[in-house]
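For reference, the structure is listed below as structure tokens.
The values are calculated or read from the model by the stated rules, or taken from the named source; none is laboratory data. It should be emphasised that the depicted structure is a prediction, and the values quoted were computed from it without experimental measurement. Cβ placement follows ideal geometry from the backbone for every residue including glycine, while neighbour counts extend to all protein chains displayed.
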Amino acid sequence: MSFVQNFPFFTIILSLICAVVSFVLSKNASKWVSVALLSISSVLNLAVLVYCSQNNTDFTYMMGHFPAPWGNELAAGVFESLMALLFAFVMLMSILGGASHVEHDVAKQRRHLYWVMVDLTHAALMALCYTNDIFTGYVFIEVCTIASCALLAVRGGGRVLIASVRYMIFALVGSGLFLMGVVFTYSITGHLLFPQLREAIALLWRDGSYRLSMTVAIGLMSVGLAIKAGLFPFHFWLPSAHGRATTATSGILSGVIVKGYLFLLIKIIYRVVGVEVFHASGVQNVLLIFGVAAMVFCSAAAVGSRRLKTMVAYSSAAQIGYMFMGLGMGTEAALIAVFFQIISHALTKPMLFLASSSLMDSCGGHQDFRSLRGAGHRNKPAGFLFTVGALSMVGIPMFIGFIPKLHFASAAFGMGWRTWAVLGALVISTLLNVLYFLYTAMLLWLPVNDDNRPSFNGKSAWRHAAPGLALAVLGMAIGLQSAPLAQLLQQGIALFCR
Amino acid sequence: MNTQPNHANDPSLLELWYNGGLDLTDHLYIPVEDEPQPAEKYRPKHNDAVFARHLYRYARVFNVAGTVLCILFSLLMILTVANLPAYGDPDAPTVNEVAERYVEQGTAETGAVNTVAGMILDYRAFDTLGESFVLFTAVAAVTILMERKPKKKVRRAEVISYAEDDIVRVVSRFVIPIVLVFGVYILLNGHLSPGGGFSGGAIMAAAPILYAMVWGDEQASRVFTARRIRTVVVCALGFYCAAKSYSFFTGANHLPSIISTGTPGNIFSAGLIMPLNVAVGLVVCCTMYSFYMYFRRGSI
């Protein structure tokens, strides 16, 4: 056994230990602990990714002295390590970019707890990526739920608290439904680990026994995770939660946490339930319909929003619709598109939130569209980042947002009514994206007379924009040259869907 | 904390677009806060207060829809549960090789007479590690939400102290040590009999809470300071992480472990289970007590 195989476990336990240690450290020390943790975790996950991809292998890791059906297990392959790497890196960039806002938004006596929560969120996300056990998944969903609500509520203030209560309610409904699904699944299969569950479920489905319970359990787990990911009819918490949080939290919530739940759902669909059973249970079509609805309705809501960050958050809800639409299509080509969409959104959305906050700062804290006119001239790096992000979200070729749209469209052909639903939603959503993102980007570069503006010191603008620039450069690189990543995803899919 | 400006009257993108807001000749920037706000036209749409008013207006519709939805969901759940294997059915799918090994070889493999303790702290220890961190996350989250400076001067009427009452004082002097000892017993005996960290810690927490109720919060916070509680939680969780990391690492890499299971039935047996029970118990106890104090006076 190679030493690299220990790394998934190291990332989880290291972040737990860092969280405990940060609990008693000072606010600055705990911040650097978080930064160090996320950097180390990125490197470790990269090592796992390289190991899995070079040896074209996946492996399981026994947590303790007892093998699979009795003890807990971690599993790592190309997809798992790729997602873990993405999450760690995007979190690192979000907190680096948002650190100055954290200092402004979070009261001094609880600032060290903010970093504790960042560590705990990271631990939970790593566990969600690497777990091979459905109950471990549930436990770390709980950690993630509480920690992310705290990350939001730490800012304080009435509207933020309302947003976090809403978020908490929806998130807890989601966890509750998921737990019920897990309980039903356990009582008709008697297993909790993914490989054993998959065998048992395939057998039960062939027999036809417990058909109703199985369908309901699959539905409950999917709906529970969809609520937590903010799929369309359950997205009401999302704009206020993502839009009101402090910048680093906005980046973390929209960039990674939503995708952590989504990735667990993908694992459940492909490694627990099996895509054939999932298709036969009918839940697939439900996801497709709601995904398509999310793309249209949330984009329309973004056009009607009055605040920059609310608009960006509504756009997240629409982008989540793309991901669920891909899961609803159910083919391997669509799954590749879903992963492209996850990567594209995770790299772009935190960048947009960082840019929006900087633009707000340059307009004296205002984020209505009249105040933002010409903000790009005052804060050039932030305006540049927002423009790049907007072009990417619209799906202009060469930017990363174009790649998943291309894959979705080409995966949609030959599927009957679904083809029309997917293509129609893609067209409408893209047109609406043009309307709100490009329009805002143009608004930022209007010439204005700046005499009456509140003063803004733009000297540190480039330094603040550096993490966002890193995300933008990575996004542009993938947008210009997506073939290596597509190859990696093909390799991952071959390992993942065995 | 920054206050957020009220954006109720700001135009949405659609309105800007429709009204030709992209007017390139308009170079003059008008600060938003100086704009006159006509009072009679003040009709915020996306406002939480208005949202609440709408909510009340449609409360009846929501009530009916919610009731129908709940009934449908309950019916579905009842049908599903009826479709599950019967409780205690010997042919149920849950009675398989997993449960069999836990019950039959649990004592031999983990050294714990109490099968549940062996299961949660040895076979599936990673889940329990996660559970303890759920508690830790909850403590930190409550601290974030509730932490505020205690009121400097508390009015005499607000101070509730039952210590002046003879009966309460004398009885609590007897009860507190007994509760504490019983909690410790459940904690230490967790691998031998029903009990363990979660239940023992909850019982132990009753003692400091009772102390705080009888002798007053001030007195309690002089004994159980925030610093002490934090130290205990951090040490317990740190020990938990370290011990389990060792065990997971040796187990996964098939290395020999220095931890032996001992003689089942002895108090010092079952390897790491007893110390882990103590760690979990301390975390639970501190969690309970700090929840009580935070909700009572806003600080420990």
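Quick notes on this one:
- The number of residues in the range B:205-223 that are under 22 Å from residue B:170 (Cβ atoms) and in contact with a helix residue (DSSP H, G or I) (Cβ under 6 Å, 6 or more places away or on another chain) comes to 10.
- Tally of residues being free of Cβ contacts under 8 Å to residues at least 60 places away in the same chain and not small (Gly, Ala, Ser) across the range B:87-130: 21
- Close contacts from the range B:47-75, counting a first residue that is modelled with pLDDT under 75 and a second that is part of a helix (DSSP H, G or I), with Cβ to Cβ under 6 Å and a gap of 6+ residues or different chains, come to B:48/A:162.
- Condition met for residue A:443 (at pLDDT below 90 and within 20 Å of residue A:313 (Cα to Cα)): yes
- Residue within the range A:104-112 that is more than 16 Å from residue A:253 (Cβ to Cβ), assigned to a helix (DSSP H, G or I) and of a type in the set (Gly, Ala, Ser) present: no
- Hey, residue A:304 surrounded by 24 or more Cβ atoms within 10 Å (Cβ to Cβ) and of a type outside the set (Lys, Arg) or not: no
- Single residue of the range A:54-73 satisfying the filter (on the phi < 0 side of the Ramachandran plot and more than 9 Å from chain B (Cβ to nearest Cβ)) that is surrounded by the fewest Cβ atoms within 10 Å (Cβ to Cβ): A:54
- The set of residues in the range A:363-383 being under 28 Å from the mean Cα position of the chain (by Cα), more than 10 Å from chain B (Cβ to nearest Cβ) and outside any loop (DSSP other than H, G, I, E, B) consists of A:376, A:380, A:381, A:382, A:383.
- Cross-chain or 6+ apart pairs with Cβ under 7 Å, the range A:266-280 first and within 14 Å of residue A:217 (Cα to Cα) and in a helix (DSSP H, G or I), then basic (Lys, Arg) and modelled with pLDDT of 90 or more: A:272/A:198
Matching residues to (1) buried (at least 23 other Cβ atoms within 10 Å of the Cβ); (2) at the interface with chain B (Cβ under 9 Å from one of its Cβ atoms):
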| position | (1), (2) |
| --- | --- |
| A:116 | yes, yes |
| A:137 | yes, no |
| A:143 | yes, yes |
| A:146 | yes, yes |
| A:156 | no, yes |
| A:166 | no, no |
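- Residue in the range B:217-226 that is in contact with a Phe, Trp or Tyr (Cβ under 7 Å, 6 or more places away or on another chain), part of a helix (DSSP H, G or I) and more than 9 Å from chain A (Cβ to nearest Cβ) present: yes
- The listed residue being of a type in the set (Gly, Ala, Ser) and touching a Cys at 6+ places or on another chain (Cβ under 7 Å), out of A:362, A:316, A:371, A:356: A:371
- Restricting B:67, B:128 to those that are outside the structural domain of residue B:188 (by TED's automatic domain parsing), in a helix (DSSP H, G or I) and farther than 30 Å from residue A:159 by Cβ reduces the list to B:67.
- Qualifying residue in the range B:147-165 (condition: more than 7 Å from every other protein chain (Cβ to nearest Cβ) and modelled with pLDDT of 85 or more): no
- Residues being at the interface with chain B (Cβ under 8 Å from one of its Cβ atoms) and either among the polar types (S, T, N, Q) or within 28 Å of the chain's Cα centre (by Cα) (or both) - total across the range A:181-193: 4
- For residue B:132, the stated conditions do not hold, so it cannot be described as farther than 30 Å from residue A:13 by Cβ, more than 9 Å from chain A (Cβ to nearest Cβ) and among the small types (Gly, Ala, Ser).
- Any hit, the range A:161-168, residues being part of a helix (DSSP H, G or I), among the β-branched types (Val, Ile, Thr) and under 21 Å from the mean Cα position of the chain (by Cα): yes
- Hits in the range B:85-125 (condition: polar (S, T, N, Q) and assigned to a helix (DSSP H, G or I)): B:105, B:107, B:110, B:115
- Among (1) outside any helix (DSSP H, G or I); (2) crowded, with 19+ Cβ neighbours inside 10 Å - the single one residue B:241 does not satisfy: (1)
- Of the set (1) out of contact with any strand residue (DSSP E or B) (no Cβ under 9 Å at 6 or more places or on another chain); (2) within 14 Å of chain B (Cβ to nearest Cβ), all apply to residue A:307 but (1).
- Any hit, the range A:225-240, residues being surrounded by 24 or more Cβ atoms within 10 Å (Cβ to Cβ), polar (S, T, N, Q), assigned to a helix (DSSP H, G or I) and touching a helix residue (DSSP H, G or I) at 6+ places or on another chain (Cβ under 8 Å): no
- Residue B:291 in contact (Cβ under 8 Å) with a residue 24 or more places away in the chain, out of contact with any Leu (no Cβ under 8 Å at 6 or more places or on another chain) and at the interface with chain A (Cβ under 9 Å from one of its Cβ atoms): no
- Selection of the range A:347-362 for residues being away from chain B (no Cβ under 14 Å), out of contact with any Phe, Trp or Tyr (no Cβ under 7 Å at 6 or more places or on another chain) and either over 20 Å from residue A:102 (Cβ atoms) or of a type in the set (A, V, I, L, M, F, W, C) (or both) yields A:347, A:348, A:351, A:353, A:354.
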